[in-house]
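Bear in mind that the values in this text are calculations on the coordinates, not laboratory data. Since the structure is predicted, the reported quantities are computational estimates derived from the model, not experimental observations. Positions of Cβ are generated from backbone atoms using ideal geometry, with glycine treated the same way; all protein chains shown enter the neighbour counts.
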Amino acid sequence: MSKQHSIPQHVAIIMDGNGRWAKQRGKERYEGHIAGVESVRCVVRAAVECGVKWLTLYAFSTENWGRPQAEVDAIMELFCKSVVGEAPELIKQGVRIQIIGERNRFSERVLQMIDRIESTTAGGDKLTLVLAFNYSSRREIVLAAEAVARRVAAGELSPEQITESTIAEHLMTRDIPDPDLVVRTSGECRLSNFLLWQASYAEFYFPEVLWPDFDEQEFKRALEVYASRERRYGLIAESTETK
Ligand code: FPP
């Protein structure tokens with residue numbers, strides 16, 4: 001049986017458990033998100049160190065707008081503060097930031113911060129940190145379908161010419177390789193509208209640890225779990241050995 005021993009090119013993480021971490025300590029939920037930013041720092045450092053080239057973090061889902069306004073505001077504020085405060089260190093580490101998600105609901109300030117962090121880190125060549133912010137996979141697929149339908153209506157494409165690549169090229173992740181490993185912390189075993197198309201052949205790992213407790217060591221453990229898995233891409237073991 002062939003085993004995948006290499007480092008994953010792309011790790012995608014659903015950072016879950018901030019609220020529970022805070023409640024367990026008698027703190028407000030937003031304090032869990034603040035603690036979660038330290039885990040983001042740890043994971044970025046570890047990803048650069050281990051040679052992971054793409055790291056996607058689910059920072060805010062489209063559904064998260066339904067949380068109490070104070071919590072939504074706290075996450076937006078934390079995002080703005082973090083992207084400004086962390087920029088020098090990210091640039092030093094060779095990290096490029098890319099944001100995926102719909103931008104129509106963000107305030108002017110958040111939009112400015114997004115433009116600023118994407119442009120100031122554009123030269124990073126060690127790791128691309130993709131932040132999924134106001135992201136929903138189903139919505140992303142609907143938007144891709146709309147864009148493809150428009151091309152068909154304009155006569156640029158016939159329905160028979162639509163392939164998997166056509167769809168992939170119209171997703172927000174068009175320039176990003178599919179994730180090799182998807183991690184969700186806090187013991188929840190769901191994808192929650194995250195990278196549904198892209199994660200078709202990913203390996204999944206669901207550690208019990210809450211996001212604020214996920215550190216470099218936990219990240220390296222996730223890479224070890226990945227290395228122990230056998231990826232077959234729908235084939236049988238012998239035929240994947242050249243992959
Ligand atoms: C999930 O935990 C976490 C979030 C919805 C927000 C994550 C945001 C950050 C870590 C901070 C901002 C991010 C960046 C990249 C600067 P939860 O609140 O659903 O936890 P629970 O399931 O225990 O309630």
So which of K23/K220; K53/K220; K53/K81; K81/K220 end up more than 21 Å apart by C-alpha?
-> K23/K220; K53/K81; K81/K220
Distance between modelled label sites at F206 and A149, nm, 7 Å Cα→Cβ extension = 3.4
Would you work out which of T56, A222, S82 lies farthest towards the positive end of the dipole of the chain? Charges go on Cβ: Lys and Arg +1, Asp and Glu -1.
-> S82
Would you mind working out the magnitude of the charge dipole of the stretch 1-100 relative to its Cα centre, with +1 at each Lys and Arg C-beta and -1 at each Asp and Glu C-beta, to the nearest 20 Debye?
-> 320
Would you kindly calculate the translational diffusion coefficient of the chain, applying Stokes-Einstein with the Kirkwood radius from alpha carbon pairs, for 4 °C and a viscosity of 1.567 mPa s, and quote it in µm² s⁻¹ without decimals?
-> 68
What order do you get for T121, T163 when you list them from fewest to most C-beta neighbours inside 10 Å?
-> T163, T121
Just tell me, in residue order, which DSSP H segments of the chain are both 30 angstrom or longer along the helix axis (alpha-carbon based) and at least -1.0 in mean Kyte-Doolittle hydropathy.
-> 29-50, 69-93
Ranked from fewest to most other Cβ atoms within 10 Å of their own Cβ, I117, I141 fall in the order I141, I117
What list of whole percents do you get for P(r) of the stretch 50-181, with Cα-Cα distances grouped in 5 Å bins up to the one holding the largest distance?
-> 2, 9, 17, 19, 17, 15, 11, 6, 3, 1
Highest-MSF residue in the chain out of E169, E230, E160 [GNM, Cα springs under 10 Å] | E160
Semi-axes of the stretch 109-243's equivalent ellipsoid from the Cα gyration tensor, sqrt of 5 times each eigenvalue, largest first, rounded to whole Å?
-> 29, 24, 15
The Cα radius of gyration of the stretch 123-188, divided by 2.2 N^0.38 Å with N its residue count, comes to 1.42
List S228, S192 from most exposed to least, where exposure is judged by having the fewest other Cβ atoms within 10 Å.
-> S228, S192
Top mean-square fluctuation among W54, W21, W65, Gaussian network model of the chain, C-alpha springs under 10 Å?
-> W65
